[in-house]
1. Restricting the search to the stretch 76-91, which residues are assigned to a strand (DSSP E or B) and not aliphatic (A, V, I, L, M)?
2. Could you check, for the stretch 11-27, whether at least one of its residues is basic (Lys, Arg), modelled with pLDDT of 90 or more, buried (at least 18 other Cβ atoms within 10 Å of the Cβ) and in contact with a strand residue (DSSP E or B) (Cβ under 9 Å, 6 or more places away or on another chain)?
3. Restricting attention to helices (runs of 4 or more DSSP H) lying wholly within the stretch 284-358, give those where 3 or more residues are modelled with pLDDT of 85 or more and surrounded by fewer than 18 Cβ atoms within 10 Å (Cβ to Cβ).
4. Looking only at the stretch 31-70, count every residue that is touching a residue at least 40 places away in the same chain (Cβ under 8 Å) and over 14 Å from Leu103 (Cβ atoms) and tell me the total.
5. Give the stretch 217-233 a look and list any residue that's assigned to a strand (DSSP E or B) and either buried (at least 24 other Cβ atoms within 10 Å of the Cβ) or away from the ligand (no atom under 16 Å from the Cβ) (or both), or say none.
6. If the requirement is being at pLDDT 85 or above, away from the ligand (no atom under 16 Å from the Cβ) and assigned by TED's automatic domain parsing to the domain that holds Pro422, which of these qualifies: Thr192, Thr213, Thr172?
7. Can you run down the residue pairs with Cβ atoms below 8 Å, 6 or more apart or on separate chains, where the first is in the stretch 417-439 and of a type in the set (D, E, K, R) and the partner is modelled with pLDDT under 90 and part of a loop (DSSP other than H, G, I, E, B)?
8. Taking the stated definitions as given, is Ala313 within 12 Å of the ligand (Cβ to nearest atom) and at negative phi?
Amino acid sequence: MEFDTIAAISTPMGEGAIAIVRLSGDQAFDIGDKVFKGMKGSSMKEFASHTIHYGHIIDPDTGQVVEEVMVSVMKGPKTFTREDIIEINCHGGLVSVNKVLQLVLKNGARLAEPGEFTKRAFLNGRIDLSQAEAVMDLIRAKTDRAMNVALNQMEGRLSNLIRKLRQEILETLAHVEVNIDYPEYDDVEEMTHHVLLEKSRRVRDEIDKLIRTSEQGKILREGLSTVIIGRPNVGKSSLLNSLVHENKAIVTDIPGTTRDVIEEYVNVRGVPLRLVDTAGIRETEDIVERIGVERSRQVLKEADLILLVLNYADELTFEDEQLFEAVKGMDVIVIVNKTDLPQKIDIDKVRKLSENHQLVTTALLEEQGIDELEEAISSLFFAGSIEGGDMTYVSNSRHIALLNQASLAINEAIDGVEMGTPIDIAQIDLTRTWELLGEIIGDSVHESLIDQLFSQFCLGK
Ligand code: GDP
């Protein structure tokens, strides 16, 4: 495919030692030649591919030197987009890198839309859609583990698996077709049913296995939604502050998600915690009153992890017991805080109320017990559930939704055959399964979806 030449600043906005202006397209080298003066006089087309060159960016209109640069020259198709690419490494701040960008735009490049480089990689057939989405995940990865999941996906593990399943469905469909066309044997119908059921069940099991990884995958991608609850003054804000200060707070900026609750991200031993409603904790004193309101109930219901804080230096109250009641059956870590003060709490009763929840004691004011708490969080999350680093996780909600639909469709095929409905109905369901799986890797997706997906990328990627 032939496209115009696009350009963007590919490094984050802000002060940095280096900033990169990237160009991609068949005019990239011509535009580069217009603005770049290196040691060699020759054109970029003559440079060896994948080499880097020292020189200056010069405004061809004024002859003025704009920036001292290193330019990487990469010839398509062995590039990210499969097009000719140049990357201008500028070493100045925001102003000079912007000047370089303006200059290449003036000389024939067009400003890239967000994600357009990756979109070209997809449109030029270098990567499939799930791999393109993995690039986006990688940019946003909040922990090392999340990054591994994205990397695996980018390497095409999910795509390969999906392709294998689609192939199996195709073979099954072909098999059925042949049997319908050549009904030479008396038992052909029975045989067809048998093959269809066996293959469909196998594909269904694989799909369901993938769906089961999605919970972990989603948490790795989006963070473990965590709510801190407890009576006023037990130390909720202190806990929040310790978690945020001890751990690298993660900045997130996900376009298109407006939430009415304020969130903060922290990385606790590889587990990304999304601390929900932190503003509420910081500003509202009466948590019990807030539990009463519907929204807080909703927040609790959607939480993956509850941190229930109690006061060691105070007796258990009816409200404390109500809180235990409200979080029954959820993943809860009970934190008994203020152990530096004289004990008043009935710890045996706390143990009884806690049932099988983990129990941690802290003196947050003295920064004690935070290690134990972090240990409890990571053991809760990783307990037997994350299997080795080379698992294929499904973490993207678009993929999860498609897998769920595919599972439904193939189950209908299976049910139909089991109940003796005509075979061509099962064929329809199987074909539908095949199509749904295809949407994951982008084999049968709508153009508008592609536009929307890529527009979520950051600029310059
Ligand atoms: P919240 O109302 O649940 O958010 O509680 P805060 O975090 O605001 O804490 C209430 C008060 O208890 C503050 O004055 C804290 O400094 C204090 N506090 C928090 N943790 C501890 C602790 O471990 N020991 C002692 N002695 N005081 C603490």
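The values are calculated or read from the model by the stated rules, or taken from the named source; none is laboratory data. These figures come from a predicted structure and were not determined experimentally. Using ideal geometry, Cβ is built from the backbone for each residue, glycine included, and neighbour counts are taken over all protein chains shown.
1. First, pick out the residues of the stretch 76-91 that are assigned to a strand (DSSP E or B): 85-90.
Passing the criteria: Glu87, Asn89, Cys90.
2. Going through the stretch 11-27, the residues basic (Lys, Arg) turn out to be 22.
So of that shortlist, the ones also modelled with pLDDT of 90 or more come out as 22.
Those still in the list that are buried (at least 18 other Cβ atoms within 10 Å of the Cβ) too: 22.
This time we only want the ones that are in contact with a strand residue (DSSP E or B) (Cβ under 9 Å, 6 or more places away or on another chain), so: 22.
The answer is yes, given that some residue of the stretch 11-27 is basic (Lys, Arg), modelled with pLDDT of 90 or more, buried (at least 18 other Cβ atoms within 10 Å of the Cβ) and in contact with a strand residue (DSSP E or B) (Cβ under 9 Å, 6 or more places away or on another chain).
3. Numbers: elements: 287-292, 294-302, 318-326, 347-354.
Per the criteria, 318-326, 347-354.
4. Result for the stretch 31-70: 1.
5. Here is the first cut: in the stretch 217-233, the ones assigned to a strand (DSSP E or B) are 224-230.
Selection gives Leu224, Ser225, Thr226, Val227, Ile228, Ile229.
6. Details: Thr192 fails: at pLDDT 85 or above; Thr213 fails: at pLDDT 85 or above.
From the options Thr192, Thr213, Thr172, the qualifying one is Thr172.
7. Once the first residue is of a type in the set (D, E, K, R) and sits in the stretch 417-439, its partners that are modelled with pLDDT under 90 and part of a loop (DSSP other than H, G, I, E, B) give Glu435/Ser444; Glu439/Val445.
8. Details: within 12 Å of the ligand (Cβ to nearest atom): yes; at negative phi: yes.
Criteria met by Ala313.
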